[in-house]
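What follows is a set of notes on a single structure, which appears directly below.
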Amino acid sequence: MKKGLLIILSGPSGVGKGTIRKEIMSKYPNLDLHYSISMTTREPRSGEVDGQDYFFVSFEDFKNNINNDKFLEYSMFVGNYYGTPKEYVYSLLDSGKNVLLEIEVNGAMQVMKQFVGKNIVSIFLTATIDEIRKRITSRRTEDSKIIEERLNKAKSEFSSKKYYDFVVFNNDKDKTVETIADIIKRKIESLNN
Ligand code: 5GP
């Protein structure tokens, strides 16, 4: 059976990955995308739901998962662990489903290495640092120290964009959604031919 496509949507925190991902999934159901819910040690933000936004776990639980080889990739990001549970991704890909990962740069690099020559497309979503600052500040979920750490991290992440198949500048939400949906659609078509 044909394997599904693995889609990496990556880029700095605050660039709008979550919003774009949700829009693509609701506007383009025919792409049949399955979102991989990550595990994290970060505290839930107000409104976030365990098992829907993330699997929120303790550091101890996360480390047990690392030791038991449960992750496709994982990374430390501004003081917390984030990781992609392996089993879900492989079982979907093996049954021909398309899986979307929304992850930061270190994790994306780990996945790309493991998927050389396999069905994968990687997209780096970017914006100006001023726009990112505006977004992180306006969501009012982090204190000023964490905001600065996330912005410093964003600056270091920009240089990794060269490793991705596509770089998309997010300055118009609707256009960005359309562009990324088109990239995914074309990739799926190319695999079917
Ligand atoms: P946030 O705390 O803002 O939800 O996420 C922080 C960063 O971690 C974001 O760039 C987000 O995309 C990334 N992230 C979320 N889940 C994962 C994951 O499973 N693995 C990796 N490597 N990064 C993740």
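The values are calculated or read from the model by the stated rules, or taken from the named source; none is laboratory data. Fair warning: this is a prediction, and the values are worked out from it, not measured in the lab. Neighbour counts run over all protein chains shown; Cβ positions are idealised from the backbone, glycine included. When the accessible area is computed, the model is the full protein with side chains, heavy atoms only, and any ligands, DNA or RNA have been set aside. Shrake-Rupley method; radii C 1.70, N 1.55, O 1.52, S 1.80 Å.
Check which residues have an amide H placed less than 5 Å from Val168's amide H, if you skip close sequence neighbours.
The answer is Phe124, Leu125, Thr126.
Hey, how many Å between the Cα centroid of region 133-184 and the Cα centroid of region 17-80?
17
Between Thr126, Thr41, Thr141, find the one with the highest GNM mean-square fluctuation for the chain; connect C-alpha pairs within less than 10 Å.
Comparing Thr126, Thr41, Thr141 in a Gaussian network model of the chain, the most mobile one is Thr141.
Quote the accessible area belonging to Leu92 in square angstrom, nearest 10, computed with a 1.4 Å probe and with ligands, DNA and RNA left uncounted.
Approximately 20 Å² for this residue.
What residue among Ser160, Ser13, Ser46 has the largest mean-square fluctuation in a Gaussian network model of the chain, using Cα springs under 10 Å?
Ser46
Of Lys97, Lys155, which has the most accessible area with a 1.4 Å probe, and how do the rest follow in descending order? Don't skip to the end; give the middle numbers.
Working: Lys97 70, Lys155 105 Å².
In descending accessible area the options line up as Lys155, Lys97.
Read phi for every residue in region 128-139 and hand back ³J(HN,Hα) as whole Hz from Karplus 6.51 cos²θ - 1.76 cosθ + 1.60, θ = phi - 60°, with x for Gly and Pro.
Residue by residue, region 128-139 yields 6, 5, 5, 5, 5, 4, 4, 5, 5, 5, 6, 7 Hz.
Percent of accessible area on the chain owned by carbon and sulfur, 1.4 Å probe?
Values: 4970 of 10190 Å².
For the chain, the apolar C and S fraction of the accessible surface comes to 49 percent.
Is the C-alpha gyration tensor of region 1-75 telling us rounded, prolate or oblate? Criteria: a/c under 1.5 is rounded; beyond that, a/b larger than b/c is prolate, otherwise oblate. Spell out each step's value before the answer.
Working: a/c = 2.08, a/b = 1.32, b/c = 1.57.
Since a/c reaches 1.5 but b/c is at least a/b, the shape of region 1-75 is classed as oblate.
Enter the accessible area of Lys185 (Å², nearest 10), with the probe set to 1.4 Å and all protein chains included.
The accessible area of Lys185 comes to roughly 100 Å².
Can you give the accessible area of Arg150, probe radius 1.4 Å, in Å² rounded to 10?
Accessible area of Arg150: about 20 Å².
If amide H atoms are built 1.01 Å from N in the plane of the peptide, which residues on other chains or at least 5 residues away come under 5 Å of the amide H of Phe55?
Residues meeting the criterion, in which the H sits 1.01 Å from N, are Ser38, Met39, Thr40.
Using a/c under 1.5 as the rounded threshold, could you call the chain rounded, prolate or oblate? The axes a ≥ b ≥ c are square roots of the C-alpha gyration tensor eigenvalues, and prolate needs a/b larger than b/c, oblate otherwise.
Values: a/c = 1.64, a/b = 1.16, b/c = 1.41.
Verdict is oblate for the chain.
Taking the Cα centre of the chain as origin, work out the dipole magnitude from +1 charges on Lys and Arg Cβ and -1 charges on Asp and Glu Cβ, in debye rounded to 20.
On the way: 30 positive and 27 negative charges, 92 e Å.
Using only the charged Cβ atoms, the result is roughly 440 debye.
Keeping all protein chains in place, calculate the accessible area per residue for the chain (probe 1.4 angstrom), answer in Å². Mind showing how you got there, number by number?
Details: 10190 Å² over 193 residues.
Per-residue value: 53 Å².
Apply the Karplus parameterisation 6.51 cos²θ - 1.76 cosθ + 1.60, with θ equal to phi minus 60°, to every residue of region 145-157 and state each ³J(HN,Hα) to the nearest whole Hz, in sequence, with x for glycine and proline.
Once rounded to whole Hz, the list reads 5, 5, 4, 4, 5, 5, 5, 4, 4, 4, 4, 6, 6.
Calculate one ³J(HN,Hα) per residue across region 14-30 by plugging θ = phi - 60° into the Karplus curve 6.51 cos²θ - 1.76 cosθ + 1.60, and present them in order as whole Hz with x for glycine and proline.
x, 7, x, 4, x, 4, 5, 4, 4, 5, 4, 5, 7, 7, 10, x, 5
In vacuum, with every alpha carbon of region 123-193 counted as one equal point scatterer, what does the Debye formula give for log10 I(q)/I(0) at q = 0.16, 0.19, 0.28 Å⁻¹? Two decimals, please.
With one equal scatterer per Cα and no solvent, log10 I(q)/I(0) is -0.68, -0.86, -1.22.
Name the lysines eligible as straight-distance cross-link partners of Lys161: C-alpha to C-alpha under 16 Å, and not fewer than 8 places from it in the same chain.
Lys17, Lys113, Lys153
Output needed for region 36-103: three equivalent-ellipsoid semi-axes, defined as square roots of 5 times the C-alpha gyration tensor eigenvalues, in descending order, whole Å.
Working through the eigenvalues yields semi-axes of 20, 15, 10 Å.
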